[in-house]
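Below: one structure, written as structure tokens.
The values are calculated or read from the model by the stated rules, or taken from the named source; none is laboratory data. Owing to the predicted nature of the structure, the values given are computational and were not obtained by experimental measurement. Quick reminder, even Gly has a Cβ in these numbers, built from the backbone with ideal geometry, and neighbours come from all protein chains shown. For accessibility, only protein heavy atoms count, side chains too; no ligands or nucleic acids. Shrake-Rupley method; radii C 1.70, N 1.55, O 1.52, S 1.80 Å.
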Amino acid sequence: VALLLAGCTTRPIVNVTDQPVVTSAGRQLSPDQVRNAIVKAGTALGWVMTPVSPGLVNGRLALRDHLAVVDVRYTATTYSITYKDSTNLDFRDEEGKRTIHRNYVNWNNNLMNDARAELMRL
């Protein structure tokens, strides 16, 4: 029973891939504007968002003894959020099937949704 209950707390890792950059006015943004919107959205959610290089931001969310790390790749027209690492989030990679604690999935979805909302404000 304990194994079944433990399995209920994990979900497949789904990376956000090539999400379109959409603004309310339908205008083209610069890569810097996209980066700034992503950083602002993540920071508001408690992520530490660190620009690494043009087109790449590292996001780290530390809550209690849990740590989630993602790479956010972006251009003027798309962005992607990819799992990079974690601590105490039950990450498993079994025969190519990658799972993680459901909270990571929620945090990742919140980051994607808030980035989308922030871009819409531009």
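Quick notes on this structure:
- Helix 31-44 vs. the chain, principal-axis angle (Cα, 0 to 90°, nearest 10): 50
- Percent RCO, i.e. relative contact order, over the chain, from Cα pairs under 8 Å lying at least 6 residues apart: 33
- Cα convex hull volume per residue for the chain (Å³): 98
- The share of accessible area on the stretch 2-122 that comes from carbon and sulfur is 53 percent, using a 1.4 angstrom probe.
- Nearest-10 value in Å² for the accessible area of R73, using the 1.4 Å probe: 130
- Helical contribution to [θ] at 222 nm, DSSP H n ≥ 4, -39,500 (n - 2.57), averaged over the chain, rounded to 500: -10000 deg cm²/dmol
- Total charge dipole magnitude, the chain, about the Cα centre, Cβ charges on Lys, Arg, Asp, Glu only, Debye to nearest 20: 260
- Here the Gaussian network model covers the chain, with springs between Cα atoms less than 10 Å apart; of A37, A76, A25, A25 fluctuates the most.
- Value of relative contact order over the stretch 71-122, rounded to a whole percent, pairs C-alpha under 8 Å and six or more apart: 20
- Cα-based helix-to-principal-axis angle, 102-120 vs the chain, degrees rounded to 10: 10
- For the chain, the solvent-accessible area of protein heavy atoms averages 58 Å² per residue (probe radius 1.4 Å; ligands and nucleic acids excluded).
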